[in-house]
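Participant: Sharing a structure here in structure tokens format.
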Amino acid sequence: MEKLDASKREAIKKMSNIRLMSKLIGAGVDEETIQAMGRPELLAAWAEIVAAGKDEPPIAARPMGYDPELEKQRLEFEIRKYEQEREERRVRENRKLWNVNRKMNKRESIADK
């Protein structure tokens, strides 16, 4: 317990016995061994694990929540969205050209009269 800084010592002291037991089980300590421990032993055992740096969960090989199938679907959606936007831009440009041509034809027909 003395190996830890004051804030970690205080946090450990504030933990309930149930939480200490849960943390120790999560760290791999045998449940029967934990059941036989009193509060001072629970505190000491958890303090040793924290001091050794074994209280942090192992880093996963790939980011949590990453699903390749979901990523593939998201990418397909983005591609469809891009193609739809591109088609909408093409239609807008064609309308603009059609309106410009129509106005020019109107002016020419008025000029011819």
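The values are calculated or read from the model by the stated rules, or taken from the named source; none is laboratory data. The structure displayed is predicted, hence computed values, not measured ones. Reconstructed Cβ throughout: ideal geometry from the backbone, glycine too, with neighbour counts over all protein chains shown.
Participant: Of all residues in the stretch 13-29 being in contact with a helix residue (DSSP H, G or I) (Cβ under 8 Å, 6 or more places away or on another chain) and either without any contact (Cβ under 8 Å) to a residue 12 or more places away in the chain or of a type outside the set (K, R) (or both), which is nearest to R39 (Cα to Cα)?
Facilitator: Among those residues, the one meeting the criterion is N17.
Participant: If you don't mind, another one. Could you identify the single residue in I25, I49, I34 that is surrounded by 10 or more Cβ atoms within 10 Å (Cβ to Cβ), hydrophobic (A, V, I, L, M, F, W, C) and more than 31 Å from the chain's Cα centre (by Cα)?
Facilitator: Only one candidate passes the filter, namely I34.
Participant: For the stretch 1-22, how many residues meet the condition of being part of a loop (DSSP other than H, G, I, E, B), surrounded by 15 or more Cβ atoms within 10 Å (Cβ to Cβ) and over 30 Å from the mean Cα position of the chain (by Cα)?
Facilitator: Looking only at that region, the number is 2.
Participant: Can you spot a residue in the stretch 81-88 that is in a helix (DSSP H, G or I), within 33 Å of the chain's Cα centre (by Cα), of a type outside the set (D, E, K, R) and assigned by TED's automatic domain parsing to the domain that holds E10?
Facilitator: no
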